[in-house]
Every structure is written in structure tokens, then in C-alpha cells.
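*Asks:* Before we start, here is the structure in question, set down as C-alpha cells.
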Amino acid sequence: MEQILDLIGTYVAEAFETAGYDRALGKVTVSNRPDLCEYQCNGAMAGAKRYHKAPLQIAQEVAGILDGCDALQSAEAVKPGFLNLKLSAAYLADYLNAMKSDDRLGVSAAKEKKKIIIDYGGANVAKPLHVGHLRSAVIGESVKRILRYLGHETIGDVHLGDWGLQMGLIIAQLRSEKPDLPYFDEAFEGEYPKEAPFTISELEQIYPQASKRSKEDEAFRQEALRSTEQLQHGNRGYRAIWQHILDVSIADLKKNYDSLNVSFELWKKESDAQPYIPGLVEYLKKEGYAHIDQGALVVDVAEESDTKKIPPCMILKSDGASLYNTTDLATIVMRMEKWKPDHIIYVVDKRQDLYFTQVFRCARKTKLVDEDTQLTFLGFGTMNGRDGKPFKTRDGGVMRLENLIAEIDAEMLRKILENHEADPEEAKETAKIVALSAIKYGDLSNQASKDYIFDTDKFTSFEGNTGPYLLYTMVRVKSILRKYMEESQKTPEDLDGFVILPAERESEKALGLTLTAFAPAVALAGEELAPHKLCGYLYELANQFNSFYHETKILSEPLQAQKESYLATLVLTLRVLECGIALLGFSAPEKM
Ligand code: ARG
């Protein structure tokens, strides 16, 4: 479907042409003075110099021609030379009816379909998911859904951290606790047990213990480093432990990501990139990209225009060990070989900005990616508590994601039961759905790169710019539709057949105009990888709907065609909100 701005733009461009001016001047935008008009065109201002005419005169000529245009209710030339436009209510109704019969709600698929890998999640196995990983999961999932809706082929990769020191720490700790396990017996040649020697909760205790110990006990730290190295060089027993850690951890991570309604097409890990490292190193050396600097193998990535120093990208440490960089570069090699993406987007903490600058420059300079493969770092800010410091538990510890979710679930349940009496089981389910919207919308409605304050009271409120407010609005629409269907014995299919009539009142027209802005809002959010722009749109739509609702008697409307028109508008509003929140990664309950 064509976008409304383009449709009006065509009429205005034609009018400019008819009046003897360049049609390119007829560009139309949404009005920044909604009190005066709905759309505007500033082309006369731009054309004044070129045509040696007063802008107002040009605007008046064009307005005169637009006078007979069916699409417009009015076209007015105002000082110093703006064109103020209002859409005709009949034209708007036609557009809304077309949108209603379009499965994609007017959002057209991108002309150039791209293959896009989104690297998000980034959890580290054996460590519990904490709130730091929340943002990556929530933002990455939404960006993926938006890009997919826009017609791109999207591949989400969780890119688990499973190759660093945390593995060696766990192995070393396990060894000191249970030295008799066969994994530590070098003479052992049999098959290792299938069962892991720890449960997830044990595993989650081993890591912090080991991490703490390594800071106090140097000998232990050395042992952990050695274990990491041995694991990476293929020590059989250590590999078996590592596999256990992966199995136990991944099962738990999947459960956690599931509860966030976040899923990945690929469950690749840092270790999956390791086989690509020898070839990568060889290539970088052979092509003369890498050189030895103080024993380490590096690629220079500084550029003349740099205003701050960008250090070289280190490929191998002086002891030959690979690093986080090496893994990311090898992952790029793997991704290019297996999927040949047009674009890779990394949704990672913005403190890794410099690091990704190095990695991207290195990948480009050494031609690991095609020239037209885009690499984007979508860095996000920190989630802070109400004290403005990184979010913690009440007693100051690291907040586990599971616990945060449980806390918000409980708060939501309390609010729902306070609101009305409900079956406790049903209320619990509803609370979960609403809590997820509170958490996700609270995050997504902020520009990703900014830090934000996680404010439970604010995020769980049914009023204001929150997830629960959107859901509350949707539940309100659902209940009106349900009531109508009960009273009139109509089905959802009957409702689909209802026709939207030209709006008679301001609030009704404003709602209609906002509905037509769904497609550009999704397109913009996709283009800028900015879910917060979609949030802004949905909030505006919910507000417009509520104003309309407060002014309009829907079910008691005496004229059947008018009532059907209102109901059709409700159906369309609900569908747009439903589609919008699905793109953000949550859903609405039936009641709340
Ligand atoms: N595991 C990393 C961390 O917790 C995040 C991984 C981000 N993705 C990447 N390709 N480096 O910091």
C-alpha cells in the first residue's frame, strides 16, 4: 500500500507542475502545527529564489489548483509562504478501509530484501543471566522483529560466551572440591558420565565462589588460567566438563529467554568460531595485514581523521593466546562463509564501543567482509536503579533477571487484584503478561544508547507512557468488541466486514490520521534501528484512541451504519496496537 504522505505528495507535486514549477517542490510532511493543519508543504519557500517570486504568491497559485482536489478538505497558503493542508474525511476513510483489508496494515515490504544477522543476548554460560543481559535481549529481539516485518531475512544469534576464563575458573574450583571425578584423572580412558556433576544452582554457586577466590588466591588464579588454556587445547576431561556446563547452562538460558519471549535462530557460541582462527591468522599474516608489535600479532586500525587514538586490533597475545577480538573476527569469517549476510548488527553494551570500532575497521581493512556488507554497533546504555547507579538487589547484590521478573510479576498481580476481583490463577497469568510489557516497554521506550532508570512504580503504572497503559487500552477495546458481539450475536468475521465512514468529529479524524501513520513509524524504527520510535507512535495512538473513546458513545449509537463504522475503527486500532506490541516483543491479555 502506498503511504498517505506519498499520495498527498503526488497531488501537491502535480499542482506545482501545473502552476509551472518543479514538481520536486511538492514534498509533503506531517504538520508540526497540528493546531493549524494536518500536513504541510514548504516547497514555495524553497522555490522563491529560483523563480524570483514571493513565496506566498507561489503558495497561493498552488493552493488555487489544489482547491478542486478530492483528497483534500482544504489547501491554504499562509504567510510567509507555507501550504497548510487538511485531508478530506472521505479520502481518509477510504484509506483506512484499504488498510483494514490489508494483512500488513499498510506497511510495505522493503524493496531491497536484505539478509541480516543480529548478534544479541550475549549471555555467558555458567553465569546467571543478570539485568545487564536484559537490554541486549529486549532490544535485539525487537529490532529483529521490526526488520523481519519490513520484509528482511533476519537471523538472531545469541553468541554465547563459553570460551573465556570463566570456564577455567569453574574447572579449577570443581577440581579442588571434587578431585576424584574421572575428568581430573589423566589416566582415565573410559567414557565420562552422561550426567553432569552439578545442577544449575550448584553451577551458579561454583562460578562466583571461584571468581572471588581467584581475586584473593594467586595460585588458584594461575591454575584457572592453566585450566582455560588446557581446555582450549583440547584436554579431554576438561572438554567433557565444558560440555556439561554448556548443557546445563543452555537449558536454563532457554527457559529464561523463553520467559522473556525472546528466541534465537542460532545458538552459536564463541567456541564455534575457534576452528576459524588458524586460517584467519594465516591469512592476516600472508596478506601482510598483521605485524608483530612487542611480541603480539596486531593489525593497525588507526585512521588519519581520528580525533582520538584508536589502538591496533590485537589478534594474538605474545604467548600465542587468542582474545575476545580474535573470536569476534573469526565469527565474522564464519558468518560470511555460512550466511553471507548483507548486514550484521551487534546489540551490545555501549561501553564496548571502542572495541567494536577496532573489530569493524579490522574486518573491513582486511576484507573479511564484502565491501557492501554493513556492520553496525547498536550500543545500549546502562539500566540504573532509582538511585541513578547500576541496578542492584535491595541488599546491594547483582540482580538476577529471574528475580527481577518475579518481583514485577508480583507487583503486577497486586495491582490487578486491587483493581478488581479475579480468579487467582487467571490473575497470575494476566500479571505475567502485563509484567513483561512493563519491563520491555520500560526499556524500549528509551533511546537505546541512553542510560535509563528502572522505576518499578512508573513502569507498572496503568497510566502514562507505559506498557501496561497500552495493554489497558487494548483490553478496553477488546471488551467493547466482546460486548457488542454478545449483544448482537455477531462474529469477528462480521466485524471485519464493517465499513469505516468519513469522520465527523475532530477526535475521530485525529484517530484515523494517527492510524495511517503506522507504516511510516515502523519504517522509521527499522531504518534507524530504533524501537523507541515505534513506542512513541503506539503511545500516541493509544492516547488518540482514548480521547476518541471518551467523546464517543459507541455501543449506544442509534444509527447502525455509524455504529458499525466506530466498531470497524476499533478493530483497526486494535490490530495496529497488536501488531505494534508484537514488534516490541510482548502481547496483550484478554482482560486485566
Ligand atoms: N558475552 C559478552 C558479554 O557478556 C557479549 C557478547 C557480545 N557479542 C559479541 N559478538 N561480542 O559482554
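Okay, residues lined up against (1) surrounded by fewer than 15 Cβ atoms within 10 Å (Cβ to Cβ); (2) farther than 23 Å from ASP102 by Cα:
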position: LEU555; (1), (2): yes, yes
position: PRO558; (1), (2): yes, yes
position: ALA561; (1), (2): yes, no
position: ILE581; (1), (2): no, no
position: MET592; (1), (2): no, yes
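*Asks:* I need the helices (runs of 4 or more DSSP H) fully contained in segment 431-502, keeping only those with at least 1 residues that are open to solvent by less than 10 Å² (accessible area, probe 1.4 Å). Working first, answer last.
*Replies:* Numbers: elements: 456-459, 467-488, 492-496.
The qualifying helices (runs of 4 or more DSSP H) are 467-488, 492-496.
*Asks:* For segment 274-361, please list each of the strands (runs of 3 or more DSSP E) lying entirely inside it that holds at least 1 residues being within 13 Å of the ligand (Cβ to nearest atom). Give the derivation first.
*Replies:* Details: elements: 291-293, 296-299, 313-316, 343-349.
By residue number, 343-349.
*Asks:* For the structure I just gave you, tell me whether LYS432 is basic (Lys, Arg), at pLDDT 95 or above and farther than 25 Å from GLY580 by Cβ. It would help to see each step written out before you state the result.
*Replies:* Details: basic (Lys, Arg): yes; at pLDDT 95 or above: yes; farther than 25 Å from GLY580 by Cβ: no.
No: the conditions fail for LYS432.
*Asks:* Taking the conditions exactly as written (open to solvent by 40 Å² or more (accessible area, probe 1.4 Å) and closer than 20 Å to ILE344 by Cα), does LYS113 satisfy them or not? Break it down into steps so the answer makes sense when it comes.
*Replies:* Working: open to solvent by 40 Å² or more (accessible area, probe 1.4 Å): yes; closer than 20 Å to ILE344 by Cα: yes.
Against the criterion (open to solvent by 40 Å² or more (accessible area, probe 1.4 Å) and closer than 20 Å to ILE344 by Cα), LYS113 qualifies.
*Asks:* I would also like to ask the following. Can you tell me which residue among LEU72, LEU7, LEU36, LEU25 is under 40 Å from the mean Cα position of the chain (by Cα) and at pLDDT below 95?
*Replies:* Working: LEU72 fails: at pLDDT below 95; LEU7 fails: at pLDDT below 95; LEU25 fails: at pLDDT below 95.
Criteria check complete, one pass: LEU36.
*Asks:* What pairs come up if the first residue lies in segment 123-135 and is closer than 13 Å to GLU270 by Cβ, the second is in a strand (DSSP E or B) and open to solvent by 10 Å² or more (accessible area, probe 1.4 Å), and their beta carbons are under 9 Å apart, counting only those six or more places apart or on different chains?
*Replies:* Note: pairs meeting the criteria are VAL125/LYS269.
*Asks:* Before we move on, is THR382 more than 24 Å from LEU297 (Cβ to Cβ) and hydroxyl-bearing (Ser, Thr, Tyr)? Show your work before the answer.
*Replies:* Working: more than 24 Å from LEU297 (Cβ to Cβ): yes; hydroxyl-bearing (Ser, Thr, Tyr): yes.
Yes; evaluated as a whole, the condition is true for this residue.
*Asks:* May I pose another question? Output the number of the condition that LYS113 fails; it satisfies all remaining conditions of (1) at pLDDT below 95; (2) within 33 Å of the chain's Cα centre (by Cα).
*Replies:* The single condition LYS113 does not satisfy is (1).
*Asks:* Looking only at residues in segment 149-164 that are of a type in the set (A, V, I, L, M, F, W, C) and within 16 Å of the ligand (Cβ to nearest atom), which one is modelled with the lowest pLDDT? Quick ask: steps written out before the conclusion?
*Replies:* Of segment 149-164, the ones of a type in the set (A, V, I, L, M, F, W, C) are 150, 155, 158, 160, 163.
Retained after the next criterion (residues that are within 16 Å of the ligand (Cβ to nearest atom)): 155, 158, 160, 163.
Working: ILE155: 98, VAL158: 98, LEU160: 96, TRP163: 90.
Step by step, filter segment 149-164, then rank; the result is TRP163.
*Asks:* Working only within segment 381-398, note down all residues that are more than 14 Å from the ligand (Cβ to nearest atom), assigned to a strand (DSSP E or B) and open to solvent by 30 Å² or more (accessible area, probe 1.4 Å).
*Replies:* Within segment 381-398, PRO390, LYS392 meet the criteria.
*Asks:* Please indicate, with yes or no, whether at least one residue in segment 147-163 is touching a residue at least 60 places away in the same chain (Cβ under 8 Å) and out of contact with any strand residue (DSSP E or B) (no Cβ under 8 Å at 6 or more places or on another chain).
*Replies:* Yes - at least one qualifying residue is present in segment 147-163.
*Asks:* Quick check on my filter: what residues within segment 516-531 are at negative phi and in contact with a helix residue (DSSP H, G or I) (Cβ under 6 Å, 6 or more places away or on another chain)?
*Replies:* Taking segment 516-531 first, the residues at negative phi are 516-528, 530-531.
Residues satisfying the conditions are THR516, PHE518, ALA521, LEU524, ALA525, GLY526, PRO531.
*Asks:* Does LYS53 meet the test of being in contact with a Gly (Cβ under 8 Å, 6 or more places away or on another chain) and either buried (at least 17 other Cβ atoms within 10 Å of the Cβ) or more than 30 Å from GLU508 (Cα to Cα) (or both)? Please lay out each step first, then the result.
*Replies:* Details: in contact with a Gly (Cβ under 8 Å, 6 or more places away or on another chain): yes; either buried (at least 17 other Cβ atoms within 10 Å of the Cβ) or more than 30 Å from GLU508 (Cα to Cα) (or both): yes.
Taking the combined requirement at face value, the residue satisfies it.
*Asks:* Quick one: would you say LYS144 is more than 10 Å from the ligand (Cβ to nearest atom), open to solvent by 10 Å² or more (accessible area, probe 1.4 Å), touching a residue at least 12 places away in the same chain (Cβ under 8 Å) and touching a strand residue (DSSP E or B) at 6+ places or on another chain (Cβ under 8 Å)?
*Replies:* On the way: more than 10 Å from the ligand (Cβ to nearest atom): yes; open to solvent by 10 Å² or more (accessible area, probe 1.4 Å): no; touching a residue at least 12 places away in the same chain (Cβ under 8 Å): yes; touching a strand residue (DSSP E or B) at 6+ places or on another chain (Cβ under 8 Å): yes.
Against the criterion (more than 10 Å from the ligand (Cβ to nearest atom), open to solvent by 10 Å² or more (accessible area, probe 1.4 Å), touching a residue at least 12 places away in the same chain (Cβ under 8 Å) and touching a strand residue (DSSP E or B) at 6+ places or on another chain (Cβ under 8 Å)), LYS144 does not qualify.
*Asks:* Out of contact with any Cys (no Cβ under 6 Å at 6 or more places or on another chain) and open to solvent by less than 30 Å² (accessible area, probe 1.4 Å), is that true of VAL333? Walk me through how you get there before you give the answer.
*Replies:* On the way: out of contact with any Cys (no Cβ under 6 Å at 6 or more places or on another chain): yes; open to solvent by less than 30 Å² (accessible area, probe 1.4 Å): no.
Against the criterion (out of contact with any Cys (no Cβ under 6 Å at 6 or more places or on another chain) and open to solvent by less than 30 Å² (accessible area, probe 1.4 Å)), VAL333 does not qualify.
*Asks:* I'd like the full set of residues that are open to solvent by less than 40 Å² (accessible area, probe 1.4 Å) and either closer than 16 Å to GLN374 by Cα or at pLDDT 95 or above (or both), limited to segment 307-324.
*Replies:* Matches in segment 307-324: ILE310, CYS313, ILE315, LEU316.
*Asks:* Considering every residue within segment 8-18, establish whether at least one is on the phi > 0 side of the Ramachandran plot, outside any strand (DSSP E or B) and not polar (S, T, N, Q). Break it down stepwise before answering.
*Replies:* Filtering segment 8-18 down to residues on the phi > 0 side of the Ramachandran plot leaves none.
No, because not a single residue in segment 8-18 is on the phi > 0 side of the Ramachandran plot, outside any strand (DSSP E or B) and not polar (S, T, N, Q).
*Asks:* Applying the selection to segment 364-375, what residues are surrounded by fewer than 18 Cβ atoms within 10 Å (Cβ to Cβ) and in a loop (DSSP other than H, G, I, E, B)?
*Replies:* Matches in segment 364-375: LYS367, ASP370, GLU371, ASP372.
*Asks:* Can you tell me how many residues within segment 294-306 are surrounded by fewer than 18 Cβ atoms within 10 Å (Cβ to Cβ), closer than 16 Å to THR366 by Cβ and free of Cβ contacts under 8 Å to residues at least 24 places away in the same chain?
*Replies:* Residues in segment 294-306 being surrounded by fewer than 18 Cβ atoms within 10 Å (Cβ to Cβ), closer than 16 Å to THR366 by Cβ and free of Cβ contacts under 8 Å to residues at least 24 places away in the same chain: 2 in total.
*Asks:* If a residue must be outside any helix (DSSP H, G or I) and of a type in the set (Ser, Thr, Tyr), how many such residues does segment 36-62 contain? Walk me through it before giving the result.
*Replies:* First, pick out the residues of segment 36-62 that are outside any helix (DSSP H, G or I): 36-42, 52-54.
From what's left, of a type in the set (Ser, Thr, Tyr): 39.
Number of matching residues: 1.
*Asks:* Residue under question is LEU378, and the condition is that it be part of a strand (DSSP E or B), of a type in the set (A, V, I, L, M), under 25 Å from HIS133 (Cβ atoms) and within 16 Å of the ligand (Cβ to nearest atom); does it hold? Step through it out loud before you land on a result.
*Replies:* Working: part of a strand (DSSP E or B): yes; of a type in the set (A, V, I, L, M): yes; under 25 Å from HIS133 (Cβ atoms): yes; within 16 Å of the ligand (Cβ to nearest atom): yes.
Against the criterion (part of a strand (DSSP E or B), of a type in the set (A, V, I, L, M), under 25 Å from HIS133 (Cβ atoms) and within 16 Å of the ligand (Cβ to nearest atom)), LEU378 qualifies.
*Asks:* Let me ask something else about it. Search segment 185-209 for residues being open to solvent by 20 Å² or more (accessible area, probe 1.4 Å) and of a type in the set (Phe, Trp, Tyr), and hand back the single one that is nearest to the ligand (Cβ to nearest atom).
*Replies:* The selected residue is TYR207.
*Asks:* Tally time: how many residues in segment 165-177 are more than 12 Å from the ligand (Cβ to nearest atom) and either within 25 Å of GLU402 (Cα to Cα) or open to solvent by 10 Å² or more (accessible area, probe 1.4 Å) (or both)?
*Replies:* 8
*Asks:* For residues in segment 253-265 being within 16 Å of the ligand (Cβ to nearest atom) and either assigned to a helix (DSSP H, G or I) or open to solvent by 30 Å² or more (accessible area, probe 1.4 Å) (or both), which is nearest to VAL138 (Cα to Cα)? Give the steps one after another, and end with the answer.
*Replies:* Residues of segment 253-265 that are within 16 Å of the ligand (Cβ to nearest atom), as a first pass: 253, 256-257, 262, 264-265.
Next cut, either assigned to a helix (DSSP H, G or I) or open to solvent by 30 Å² or more (accessible area, probe 1.4 Å) (or both) only: 253, 256-257, 265.
Working: LEU253: 14, ASN256: 12, TYR257: 10, GLU265: 15 Å.
Of everything passing the filter in segment 253-265, TYR257 is nearest to VAL138 (Cα to Cα).
*Asks:* To continue, here is another question. Within segment 231-247, which residues are open to solvent by less than 60 Å² (accessible area, probe 1.4 Å), free of Cβ contacts under 8 Å to residues at least 60 places away in the same chain and either in a helix (DSSP H, G or I) or of a type in the set (A, V, I, L, M, F, W, C) (or both)?
*Replies:* Once the filter is applied, which keeps residues that are open to solvent by less than 60 Å² (accessible area, probe 1.4 Å), free of Cβ contacts under 8 Å to residues at least 60 places away in the same chain and either in a helix (DSSP H, G or I) or of a type in the set (A, V, I, L, M, F, W, C) (or both), segment 231-247 yields GLY237, ALA240, HIS244.
*Asks:* Now a separate question. Going by the structure shown, is LEU96 touching a Gly at 6+ places or on another chain (Cβ under 6 Å) and under 20 Å from ALA13 (Cβ atoms)?
*Replies:* Details: touching a Gly at 6+ places or on another chain (Cβ under 6 Å): yes; under 20 Å from ALA13 (Cβ atoms): no.
Spelling it out, it is not the case that LEU96 is touching a Gly at 6+ places or on another chain (Cβ under 6 Å) and under 20 Å from ALA13 (Cβ atoms).
The values are calculated or read from the model by the stated rules, or taken from the named source; none is laboratory data. Being a predicted model, the structure only gives us computed values, none of them experimental. Positions of Cβ are generated from backbone atoms using ideal geometry, with glycine treated the same way; all protein chains shown enter the neighbour counts. Surface areas here come from the heavy atoms of the whole protein model, side chains and all, with no ligands, DNA or RNA. Shrake-Rupley method; radii C 1.70, N 1.55, O 1.52, S 1.80 Å.
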